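See structure below.
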Amino acid sequence: MIEIWFIRHGQASFGADDYDRLSSAGIRQSELLGKYLSAAAVRFDRVWSGTMRRQKDTAVYALGGTLPELDPGFNEFDAETVFRERFPAEAARLGMPADIDAIVSDRKLFQSVFSRIMHQWVNAEISVQGVTPYDNHLLHLGKSLARVLEAGSPGQRIGIFTSGGVISMVLQICLDISPSNALRYCWQIKNSSVTRMTAERQTPDRDGADGIDRFNLSLAEFNSLVHLEPENDSGLITFR
């Protein structure tokens, strides 16, 4: 079987003009992950990431400058555009001012409204022009993951530096759960955390199996912060 480490990017710059860059805490999280990997003698046979800066940079900081192979199938879905486009309507429905800057500054309120909108989107209750629907995103992810696994060999360890939404979608595939339940996992996934799975090709192939359906995925570890916990620094435990 193949072992896969799905690693969420370090903390990005939430609320800044350029969200897609690591904060100082995000850089530190990534470096500590690298320190742990080195001490534990964890070596990846291949390393991938999406094309987003925060994903690539997390890999580079964690792996001492090693550049990952890139696949846009591991990019995060465009939650920001979905939220910005749908927030005015949701704010009106909730009887609150449609002031995005104000809600972003209140993280608890933001998460409450953001999660409501994303729940509607993953269940195809709403759509946003120009944003790939959730089901299509899930399909693209499955194809990318299948390509990685098809190129791998039993006994290999693969690292994939990605985002929380992608990891929750992989859990949806692995655990055969609904989009709503996958989204609940998404809110729990911390920056730079490690989720490990194993993948084994089905023998013989199921009739009609294609892409990721050719593999059995099993969850081995979820949302591990073993590299941060020894620091005893609550400022390093972040969700966004």
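The values are calculated or read from the model by the stated rules, or taken from the named source; none is laboratory data. Quantities reported herein were computed from a predicted structural model and do not represent experimental measurements. A quick note on method: Cβ atoms are made from the backbone with ideal geometry, for glycine too, and the neighbour counts reach across all protein chains shown. Side chains included, ligands, DNA and RNA excluded: accessible areas come from the protein's heavy atoms. Shrake-Rupley method; radii C 1.70, N 1.55, O 1.52, S 1.80 Å.
The Cβ shell under 13 Å around Ile237 holds other residues with a net charge of +1, Lys and Arg each +1, Asp and Glu each -1. Please enumerate, by chain and number, the lysines with C-alpha under 29 Å from the C-alpha of Lys143, excluding those fewer than 8 residues away in the same chain. Hits, sequence-local ones excluded: Lys56, Lys190.
Counting protein heavy atoms only, the stretch 56-210 has 48 percent of its accessible area on carbon and sulfur, 1.4 angstrom probe. Computed extension length for Arg147-Asp99: 13.0 nm, one decimal, from 0.36 nm per residue of separation with the Cα-Cα distance subtracted. Taking every DSSP bridge with both residues inside the chain, close to 55 percent are antiparallel. Averaged per residue, the stretch 20-133 has 52 square angstrom of accessible surface, using a 1.4 angstrom probe with ligands and nucleic acids left out. Considering only Thr198, Gly159, Met169, the residue lying farthest towards the positive end of the dipole of the stretch 155-208 is Gly159, judged by Cα position with unit charges set on Cβ. For the stretch 65-145, the convex hull spanned by the alpha carbon atoms encloses 126 Å³ per residue.
Here the chain is assigned +1 on the Cβ of each Lys and Arg and -1 on the Cβ of each Asp and Glu. Its dipole about the Cα centre then comes out at about 340 debye. What whole number of Å gives the distance from the Cα centroid of the stretch 123-145 to the Cα centroid of the stretch 217-240? About 27 Å separates the Cα centre of the stretch 217-240 from the one of the stretch 123-145. When the Debye formula is applied to the Cα atoms of the chain, each taken as the same point scatterer, what base-10 log of I(q)/I(0) results at q = 0.12 Å⁻¹? After summing over all Cα pairs, the log10 values are -0.68.
If you look at the Cα atoms of the stretch 12-114, you get an Rg and a Dmax of 17.5, 54 Å. If one computes the Cα centroid of the stretch 1-80 and of the stretch 174-193, what distance in Å separates the two points? So the separation of the two Cα centres works out to 18 Å.
Taking Cα centre as origin and charging only the Cβ of basic (Lys, Arg, +1) and acidic (Asp, Glu, -1) residues, the dipole magnitude of the stretch 63-131 rounds to 340 debye.
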